[in-house]
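Just so it is clear, none of the values below were taken in a lab; they were calculated from the coordinates. Given the structure is predicted, the values throughout are model-derived calculations rather than measurements. Note that each Cβ is placed from the backbone with ideal geometry, even for glycine, and that neighbours are counted across all protein chains shown.
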């Protein structure tokens, strides 16, 4: 029998807990390690919609990237949003396991999955941690150079569509070969992307002033591609599901959620009418 505990052990081996940042909240959130797992659902965010999907699938385990209870709590009453999720999971016999910054720094990890989706051959972490192959972000190369405009389209085609879309800053004709990526919010690694000689940097949640100052900082500063936080980390779900398939084969069905849990749901453009 494949148990929650055995699946958790396989995931912990792939994404060692010791790689997590000190502020993070990872691991088994709820569920009995001795219970059987026949189906597992992989997602970025452990939301109500994901719990609905897990119940519909008949899953016994949800594996999420983002923690459910990142900030300390004194209770989980069912009348609160997150408490309600915990109660629904327990009542439905579904365990929840979260791998967050440990999955960011593992090898392969979140940024490897993002790089692979875009078609980048990874060379090294962008910000090494503990060992040369571990750490945040990745630096690598495209098979052949292409204009920045084509590269931006490549990113848009590789990731799930969101209302946020794909934004870019840089010369459309600039040739892109060396690329840095960081799944999730990555503006803290702009300096590393520049030092690594990246032609472009793909990440999420880039801020106005930080991005503007970066673009103006030097002629060789990497062009920027800003995608939705959720979309940048979604490729990891299949990677994590692959860990479970490799460990248990067909004894555990793996399902990657395609429900868009990105919080942004609408985008509007000016219609051209002049207000009076």
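Is at least one residue of the range 235-244 surrounded by fewer than 18 Cβ atoms within 10 Å (Cβ to Cβ) and more than 22 Å from residue 127 (Cα to Cα)?
yes
Condition check: farther than 16 Å from residue 239 by Cα and part of a strand (DSSP E or B). Does residue 146 satisfy that?
Considered against the rule, which asks whether it is farther than 16 Å from residue 239 by Cα and part of a strand (DSSP E or B), residue 146 comes out as yes.
Need a quick list: helices (runs of 4 or more DSSP H) entirely within the range 38-129 having at least 1 residues that are out of contact with any helix residue (DSSP H, G or I) (no Cβ under 6 Å at 6 or more places or on another chain) and under 18 Å from residue 15 (Cα atoms).
So the answer is 101-105, 110-118.
When the range 1-29 is examined, which residues are found to be in contact with a helix residue (DSSP H, G or I) (Cβ under 8 Å, 6 or more places away or on another chain) and closer than 13 Å to residue 63 by Cβ?
Selection gives 7, 10, 11, 14, 15, 26, 27, 28, 29.
Picking from 182, 237, which residue would you name as being within 14 Å of the chain's Cα centre (by Cα) and not in a strand (DSSP E or B)?
Among 182, 237, only 237 is within 14 Å of the chain's Cα centre (by Cα) and not in a strand (DSSP E or B).
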